[in-house]
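The block underneath contains the structure these notes are about, expressed in structure tokens.
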Amino acid sequence: MTQQATCDIGLIGLAVMGENLALNIASRGYSIAVYNRTTSVTDAFTSGRGKQPTVVGCHTLADLVAALKPPRKVMMMVKAGPAVDDLIKTLTPLLTKGDVLIDGGNTLPSDTDRRTREVEAAGLLYIGTGVSGGEEGALKGPSLMPGGSPAAWPLVKPIFQAIAAKVGPQGDIPCCDWVGPRGAGNYVKMVHNGIEYGDMQLICEAYWLLKHGAGLTNPELAQVFAAWNRGDLDSYLIEITRDIFTAKDPDTGAFLVDLILDKAGAKGTGKWMSQLALDLGVPSTLVTEAVYARCLSALKDARVRASQVLQGPDMANRGDKAEFVEQVRQALYASKIASYAQGFVQLAAAAKEQDWPLDYASIAMMWRGGCIIRARFLDRIAAAYRAKPDLENLMLAPYFTDALAKAQQAWRHVVATAATIGVPVPAFMSALAYYDGYRHANLPANLLQAQRDYFGAHTYERTDKPGTFHSEWLDLRKPVT
Ligand code: 6PG
């Protein structure tokens, strides 16, 4: 079939995210050509949900390319990894100079770096964009975090900003702006996901403290989360958590959450963020604890066996219930601030290494709506970076310094209580340890450096004079009685 070049954009991959994005694009007045490797999927879409004059189904990639107005824009919504490389390989000869290839998957930033260079070398432009918000976001307005070839941005900007979620008092600020060159957009999406992991783990720890420590029932938990959602913690993840505690299983009538096996899955973006934090040498401990907590949860059989052997307290907190609920709220808020602080520190470290000119206020606004971590307090983060674009750590922005100071007594109490009653709260503890570590001018690493020098002559610096030193510790040591 010969296509007429009438469409504004093409989209490949009609799984649910691809379908919903296509419908979103069409709903904003753009015409879209769609293709799926399995032709029947394309046909089912164009004769079902996508049956509208501005949605054109294509049976071959050549047809899809022929349907596009130049400069052509082709969005790939396929599984991240080799499938993207294969598709780029097939599409490149079909496209002409100045056309744009867009990857909308959760792609490893270094893959987008490489692909941007390769695609640009072939005369085309490339974008790797974070797309967040799940199925509903894709349909009604996701958060989009595009990076890649800067010259591609003006070509896709009108469509991207039209389909993105909107925020602000007038509801006209799109949760999408240019992030930076090469893999910057995917890096920002990866950090978004790492923060998502941290938020989810913190909420789960709060749940466990409230359920076991304070003995709250599911309806009470729903009320607590509803109240929290009206304050500083106002966010999508708190809102869905509230709803989850109200949902009953249609078959048994029991609360669905209580029937779900406590074994967490993961697709890997949180792990990537941890791995890259280690490579950069920055302490992104919240996401790492969250990844480990998922790993530990997955050891269900081992935990069941260990539960018969290992001893500890019964998780009950005998203190005042209402007071404890408020303390947990404050601990959650403070931990969340530490978690976002870590995410932005990692972004800054990556930006420095990769030479990306990142705008952190703009990134906070991209996350303000549409995405999974959307939250009211991202306005505060954006304000903090607007006031001081080179802010070293979010915790040092006056608003957050003050919030942490106010919350810390409750935060410490919650962490101490959790340790005392035996509720595992690795993310709460790690967040507090980060805060305490970061706020101390002195840490015990002097001793660590001495140990390294003692056994390995690794040398150390001194506080009283410049230079690098090594000591003969065997000669210096004295007998200890
Ligand atoms: C989003 C989400 C999404 C992510 C899923 C699953 O922004 O819409 O971050 O991209 O893939 O939440 O992630 P895990 O399976 O790793 O939990």
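All told, residue 338 meets the bar of being buried (at least 24 other Cβ atoms within 10 Å of the Cβ) and either of a type outside the set (Ser, Thr, Tyr) or in contact (Cβ under 8 Å) with a residue 12 or more places away in the chain (or both). Restricted to strands (runs of 3 or more DSSP E) entirely inside segment 1-87, those with at least 1 residues that are over 21 Å from residue 162 (Cβ atoms) are 32-35, 55-58.
Against the conditions (1) at pLDDT below 95; (2) within 16 Å of the ligand (Cβ to nearest atom), residue 169 satisfies every one except (2). Can you confirm whether residue 249 is among the acidic types (Asp, Glu), in contact (Cβ under 8 Å) with a residue 24 or more places away in the chain and in contact with a strand residue (DSSP E or B) (Cβ under 9 Å, 6 or more places away or on another chain)? Against the criterion (among the acidic types (Asp, Glu), in contact (Cβ under 8 Å) with a residue 24 or more places away in the chain and in contact with a strand residue (DSSP E or B) (Cβ under 9 Å, 6 or more places away or on another chain)), residue 249 does not qualify. Against the test of being surrounded by fewer than 24 Cβ atoms within 10 Å (Cβ to Cβ) and closer than 28 Å to residue 274 by Cβ, the options 132, 149, 110 yield a single qualifying residue, 110.
Close contacts from segment 292-318, counting a first residue that is over 20 Å from residue 204 (Cα atoms) and a second that is away from the ligand (no atom under 16 Å from the Cβ), with Cβ to Cβ under 6 Å and a gap of 6+ residues or different chains, come to 312/422. Could you name every one of the helices (runs of 4 or more DSSP H) located completely within segment 363-481 that has at least 2 residues being crowded, with 21+ Cβ neighbours inside 10 Å and at negative phi? In segment 363-481, 378-387, 398-421, 426-438 are the helices (runs of 4 or more DSSP H) which contain 2 or more residues that are crowded, with 21+ Cβ neighbours inside 10 Å and at negative phi. Residues that are small (Gly, Ala, Ser) and in contact with a strand residue (DSSP E or B) (Cβ under 6 Å, 6 or more places away or on another chain) within segment 19-52 comprise 22, 26, 31, 33, listed in sequence order. Any idea how many residues of segment 255-267 are within 16 Å of the ligand (Cβ to nearest atom) and touching a residue at least 24 places away in the same chain (Cβ under 8 Å)? Looking only at that region, the number is 7. Considering every residue within segment 279-287, establish whether at least one is among the hydrophobic types (A, V, I, L, M, F, W, C) and more than 30 Å from residue 81 (Cα to Cα). Looking through segment 279-287, none of the residues is among the hydrophobic types (A, V, I, L, M, F, W, C) and more than 30 Å from residue 81 (Cα to Cα).
The single residue among 101, 144 that is assigned to a strand (DSSP E or B), within 13 Å of the ligand (Cβ to nearest atom) and surrounded by 20 or more Cβ atoms within 10 Å (Cβ to Cβ) turns out to be 144.
One line per residue, one yes/no per condition, for (1) modelled with pLDDT of 95 or more; (2) part of a loop (DSSP other than H, G, I, E, B); (3) within 11 Å of the ligand (Cβ to nearest atom); (4) touching a strand residue (DSSP E or B) at 6+ places or on another chain (Cβ under 6 Å):
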{"residue": "151", "(1), (2), (3), (4)": "yes, no, no, yes"}
{"residue": "158", "(1), (2), (3), (4)": "yes, no, no, no"}
{"residue": "189", "(1), (2), (3), (4)": "yes, no, yes, yes"}
{"residue": "193", "(1), (2), (3), (4)": "yes, no, yes, no"}
{"residue": "196", "(1), (2), (3), (4)": "yes, no, yes, no"}
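For segment 112-150, a residue qualifies if it is under 12 Å from residue 185 (Cα atoms) and among the charged types (D, E, K, R), and exactly one does: 113.
Within segment 210-234, the set of residues being in contact with a Leu (Cβ under 7 Å, 6 or more places away or on another chain) and either within 16 Å of the ligand (Cβ to nearest atom) or not in a helix (DSSP H, G or I) (or both) comprises 216, 233.
Of all residues in segment 43-75, those satisfying the criterion of being under 31 Å from the mean Cα position of the chain (by Cα) and of a type outside the set (D, E, K, R) are 45, 50, 74, 75. Each residue in segment 314-342 was checked for being of a type in the set (Phe, Trp, Tyr) and under 30 Å from residue 364 (Cα atoms), and 2 of them qualify.
Total residues in segment 429-450 satisfying the condition of being in contact with a strand residue (DSSP E or B) (Cβ under 9 Å, 6 or more places away or on another chain) and aromatic (Phe, Trp, Tyr): the figure is 0. Every condition in (1) at positive phi; (2) surrounded by fewer than 15 Cβ atoms within 10 Å (Cβ to Cβ) holds for residue 315 except the one numbered (2). Among the residues of segment 242-249, are any farther than 25 Å from residue 416 by Cβ and within 16 Å of the ligand (Cβ to nearest atom)? Within segment 242-249, one or more residues are farther than 25 Å from residue 416 by Cβ and within 16 Å of the ligand (Cβ to nearest atom). Taking segment 278-303 as the range and being more than 23 Å from residue 245 (Cα to Cα) and within 16 Å of the ligand (Cβ to nearest atom) as the test, the residues that pass are 284, 286, 287, 288, 289, 291, 292, 295, 296. Take the conditions (1) of a type outside the set (Gly, Ala, Ser); (2) surrounded by 24 or more Cβ atoms within 10 Å (Cβ to Cβ); (3) in contact with a helix residue (DSSP H, G or I) (Cβ under 7 Å, 6 or more places away or on another chain); (4) part of a helix (DSSP H, G or I); residue 207 misses just one of them, which is (2).
Annotation note: of 199, 177, 172, the sole residue that is in contact with a Leu (Cβ under 6 Å, 6 or more places away or on another chain) and among the acidic types (Asp, Glu) is 199.
Filtered by the rule that a residue be in contact with a Ser or Thr (Cβ under 6 Å, 6 or more places away or on another chain) and within 24 Å of residue 279 (Cα to Cα), segment 117-129 gives a lone residue, 128.
The values are calculated or read from the model by the stated rules, or taken from the named source; none is laboratory data. Every value quoted in this text rests on a predicted model; they were computed, and no experiment measured them. When we count neighbours, we look across all protein chains shown, and the Cβ atoms used for this are built from the backbone with ideal geometry, even at glycine.
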